[in-house]
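Structure, as structure tokens:
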Amino acid sequence: MTLPPKPVPRRRRVPLWRHLRAFRRDILSAQPAHLYAAKMAEFRTPFFRSFLLNEPELVAEVLKARPGDFPKSDRVTEGLRPLLGDAVFVTNGAAWARQRRIIDPAFETARLAATLPAMRAAAEAAVARLAPGEVEIEAWASHATADVIFRTLFSVPIEHRLAAAVYDAFRAYQRSQPILNLGAFLPLPRWVPRLHRRRTLRAAGEIRAALVDLVAARRDAIAGGTAPDDLATRIMTAVDPETGQGFGAEEMVDQVAIFFLAGHETSAAALAWALYLLATHPGAQEEVAAEGRAFLADPGARLSVLPRTRDVFRETLRLYPPVPMMVRQAARAERFRGRRVPRGSQVVISPWHLHRNPRLWRDPDGFDPSRWAGEGAPREAYLPFSAGPRVCPGAGFAMAEGALFLAHVTAAWRLLPATRAAPVPVAHLTVRSQDGIFLELSPRDRGADVT
Ligand code: HEM
């Protein structure tokens, strides 16, 4: 069985300028092969010191510490500020804690069940948009998961005027932001000019203008008692239990912007890779399709009837974690593995490396969903949604969405890889394929038992 695609790592020793240039192109292939098995690595440049942690105990020490000990650095998030303002993703300290107290209840498991009908409607619409023949599945997945966000957050499909405006502006933003990606992982000194800045600012402004309209319309509906019971209404009417205060209008736009960015890019990346893995593993595909048919046949079915499908999605998030690396800053001097970590150092946690660490995982580069069925998987080395206080609040939402979409797609379509070169993973804002992911689709005969 051929292994799922993995970027070719760089040679062991290269001069700093070559490393930085490779880094700028793609942070995954810029790293040397031996990093996968390292417990920790230190990078020294004239501008910053950076420590990559690659063993579960050390990673937990950082992620589970008090948030003030390893905050997100302003420099790391600076590129996202024009779009996200003071959204929960970029804030720290008391402001961040308050935002989580307001947001988290909307994503509790019991509440999530209420979003399933909207997710199912989005999955049905997305499956109906597929056609036989060759399909570039990443673009399809981005559109589909943006639709999920609009339907679950604002009860409108992506065809709605304001939703379409956000989606179009967002695509323009993505085209203008590659330098943000570099800015996010390489803390450039302040004097380095930020290229593309004007274009990025304009695109961010357009997205926010459309979000302002969506939020304002919802405020009116809440005031008039006509608002649907969706995520936006729940978050906009929630108050912080400690202060009794909710989000103001501008703050709500910030939060909607991060739900849209964090919630659709990541899910789209995972969904596209999962479909590619199913296309290249027909046995797993048939199992998922059989679960999907049973699920769709029963309108009251719960997601718990999709255990294999969920394991396929889990395994996809291991091999292609949409957020490949997370960056924190040491608020004070620390010691890691006996080495001095000066105050202000960058601390990098890399799900990409941890998930493929050969000291922790059997067959680290292989696709094996069955590893999740028993006790075999080292769950402490699995961090697609991060961990600790800043864990992704959308993790349950994303797992439900992933399983649901895989069930809907495979129940209706048989997938094969297109006759092209295998996709090459690269890290843009999320882990994507360099030139798209092409699949060959043929309709399944719904009546026939093909397992
Ligand atoms: C497969 C899909 C997803 C993956 C892999 C994912 C992964 C992550 C990760 C790793 C983080 C931590 C980032 C860091 O600390 O630097 C994060 C944070 C976040 N995610 Fe997700 N996410 C997904 C889907 C979603 C969805 C669907 C939503 C909301 C609808 C969401 C909302 C957020 C928010 C608001 C944060 C910031 C939390 C904080 O800083 O306190 N994510 N996500």
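The values are calculated or read from the model by the stated rules, or taken from the named source; none is laboratory data. Just so we're clear, the structure is a prediction, and the values are computed from it rather than from any experiment. Virtual Cβ from ideal backbone geometry, glycine too; neighbours counted across all protein chains shown.
Identify, from the list F259, F295, the residue that is assigned to a helix (DSSP H, G or I), within 16 Å of the ligand (Cβ to nearest atom) and of a type outside the set (A, V, I, L, M).
F259
Determine the pairs where a residue that is acidic (D, E), located within the stretch 280-291, has a partner that is at pLDDT 95 or above with Cβ atoms under 6 Å apart, the partner being 6 or more residues away or on another chain.
From residues that are acidic (D, E), the pairs are E287/R308; E291/L306; E291/R308; E291/T309.
For residues that are in a loop (DSSP other than H, G, I, E, B) and loosely packed, with under 15 Cβ neighbours inside 10 Å, scanning just the stretch 103-159, find the one that is nearest to the ligand (Cβ to nearest atom).
The selected residue is E108.
Give just the number: which of (1) in contact (Cβ under 8 Å) with a residue 24 or more places away in the chain; (2) charged (D, E, K, R); (3) assigned to a strand (DSSP E or B) does R335 not satisfy?
The number of the failed condition is (1).
Inside the stretch 212-253, can you point out the residues that are within 19 Å of S155 (Cα to Cα) and among the charged types (D, E, K, R)?
Result: D213, R218, R219, D220, D229, D230, R234.
A quick yes/no check of all residues on (1) buried (at least 20 other Cβ atoms within 10 Å of the Cβ); (2) at pLDDT below 95; (3) within 15 Å of the ligand (Cβ to nearest atom):
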| site | (1), (2), (3) |
| --- | --- |
| R328 | yes, yes, yes |
| F336 | no, no, no |
| R343 | no, yes, no |
| R359 | no, no, no |
| S370 | no, no, no |
| G374 | no, yes, no |
| Y382 | yes, no, yes |
| V391 | no, no, yes |
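Residue-wise test of (1) at pLDDT below 95; (2) assigned to a strand (DSSP E or B).
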position: F385; (1), (2): no, no
position: F397; (1), (2): no, no
position: A400; (1), (2): no, no
position: L404; (1), (2): no, no
position: L416; (1), (2): no, yes
position: D435; (1), (2): yes, no
position: L439; (1), (2): no, yes
position: T451; (1), (2): yes, no
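Going by the conditions given, is M236 in contact (Cβ under 8 Å) with a residue 24 or more places away in the chain and either under 28 Å from T410 (Cβ atoms) or in a helix (DSSP H, G or I) (or both)?
no
Can you confirm whether the stretch 239-251 contains a residue that is out of contact with any strand residue (DSSP E or B) (no Cβ under 6 Å at 6 or more places or on another chain), part of a helix (DSSP H, G or I) and either closer than 30 Å to A403 by Cβ or within 15 Å of the ligand (Cβ to nearest atom) (or both)?
yes
Any residue in the stretch 244-266 that is within 16 Å of A216 (Cβ to Cβ) sitting within a Cβ distance under 9 Å of a residue that is part of a helix (DSSP H, G or I) and of a type in the set (D, E, K, R)? List the pairs, counting only those 6 or more apart or interchain.
Going by the 9 Å Cβ cut-off, the qualifying pairs are F247/D254; A249/R219; M252/R218; M252/R219; V253/R208; D254/R208; A257/R208.
From the set of residues in the stretch 69-94 that are of a type in the set (A, V, I, L, M, F, W, C) and within 11 Å of the ligand (Cβ to nearest atom), which is nearest to G344 (Cα to Cα)?
F70
Somewhere in the stretch 416-427, is a residue among the hydrophobic types (A, V, I, L, M, F, W, C), within 14 Å of the ligand (Cβ to nearest atom), touching a residue at least 40 places away in the same chain (Cβ under 8 Å) and within 23 Å of A146 (Cα to Cα)?
yes
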